[in-house]
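Input: a single structure, listed below in structure tokens.
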Amino acid sequence: MIALITGASSGIGEEFAKNLASRGFNLILVARRAERLREIKEKITNIFDVKIKLMCLDLSKTEHCKKLYEKVKKLHIDVLINNAGFGLFGKFDSTSLDRELEMIDVNIKAVHILTKLFLQDFKRRNYGYILNVSSIAGFMAGPLMATYYASKNYVTQLSRAISQELKHDKINVYIGALCPGPVNTEFNRVAGAQFAVGGSTAAEIAEYGIEEMFKGKNVIIPKKEMKALAVLSKAVPSKLMLWGTYFAQTARKGDPSDN
């Protein structure tokens, strides 16, 4: 069995790698930081008897996404986890346009490309798992992180739609969206935000996501509080939800005007 994990150099991606290795999966780990990938490989292979292939690629670039697929398509991947992604905190008119476009490329375009290419192979085999890492943000609009929230809406709804297509055609291929709330990873540092709400550990999220994936759950929301928030996002009037989200976003160290 082989699992391919993007964004595997830290956080949830690293924990996905450890968890799947413990289940006997050989791994293909993808990220930009080669040294960090080598460190993770050493950690895992010192504990588990698995094979690990490392690929240092920048998935914000379309050609790197396609290169990744071409290099591994003959390996018969069993599990694809699209985990690469990042956020950016600040008012929309003051955040970096170039950084936001890079975010769209990683959070949306890379997920779209890899999902489509691997799904075509999985359908031909009538087998395979694709887990797209989204966020609880994928259920709402996010003032002060507008682009990030929008990107996660794309990932969540794309995954849900494809899942329905597969069910309708009775195809034995899984696709789902993992939608955690705050997680204690490098995400806050990269986004320029440190939220007041305590987060789950990356290991907890990875474990829960993998378990629910193998059970066939197509929208995976860890923690009761986050499940309740997803329900509220549909039940509460949108104006009130936007106000509440803005308030929650400001409950962090720093000021949005800093970005």
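The values are calculated or read from the model by the stated rules, or taken from the named source; none is laboratory data. Treat the numbers as computed from the prediction; the structure is a model and nothing was measured. Reconstructed Cβ throughout: ideal geometry from the backbone, glycine too, with neighbour counts over all protein chains shown. Just so you know, the surface numbers come from the protein's heavy atoms only, side chains and all, with ligands and any DNA or RNA stripped out. Shrake-Rupley method; radii C 1.70, N 1.55, O 1.52, S 1.80 Å.
Residues in segment 71-82: is at least one of a type outside the set (A, V, I, L, M, F, W, C) and on the phi > 0 side of the Ramachandran plot? Scanning segment 71-82, I find at least one residue that is of a type outside the set (A, V, I, L, M, F, W, C) and on the phi > 0 side of the Ramachandran plot, so the answer is yes. Of the residues making up segment 121-163, those that are assigned to a helix (DSSP H, G or I) and either under 20 Å from Gly209 (Cβ atoms) or among the hydroxyl-bearing types (Ser, Thr, Tyr) (or both) number 21. Taken over segment 204-232, the criterion of being modelled with pLDDT of 85 or more and open to solvent by 50 Å² or more (accessible area, probe 1.4 Å) is satisfied by Glu204, Glu207, Tyr208, Glu211, Phe214, Lys215, Lys217.
In summary, Lys91 fulfils each of the numbered conditions (1) in contact with a Cys (Cβ under 8 Å, 6 or more places away or on another chain); (2) modelled with pLDDT under 95 with the single exception of condition (1). Every residue in segment 29-63 that is closer than 16 Å to Ile12 by Cα, part of a helix (DSSP H, G or I) and out of contact with any helix residue (DSSP H, G or I) (no Cβ under 9 Å at 6 or more places or on another chain), please. The answer is Leu37, Glu39. Each residue in segment 89-131 was checked for being open to solvent by 40 Å² or more (accessible area, probe 1.4 Å) and among the small types (Gly, Ala, Ser), and 2 pass. When each of Leu97, Leu117 is tested for being closer than 12 Å to Cys65 by Cβ and out of contact with any Ser or Thr (no Cβ under 9 Å at 6 or more places or on another chain), the lone residue that passes is Leu117.
If the condition is being open to solvent by 10 Å² or more (accessible area, probe 1.4 Å), within 16 Å of the chain's Cα centre (by Cα) and of a type in the set (Val, Ile, Thr), then segment 1-23 contributes only Ile12.
Restricting attention to segment 51-75, the residues that are more than 22 Å from the chain's Cα centre (by Cα), closer than 24 Å to Gln120 by Cα and touching a residue at least 24 places away in the same chain (Cβ under 8 Å) add up to 1. For segment 24-33, the candidate set comprises residues that are touching a strand residue (DSSP E or B) at 6+ places or on another chain (Cβ under 9 Å) and closer than 29 Å to Gln120 by Cβ; within that set, the residue that is surrounded by the most Cβ atoms within 10 Å (Cβ to Cβ) is Val30.
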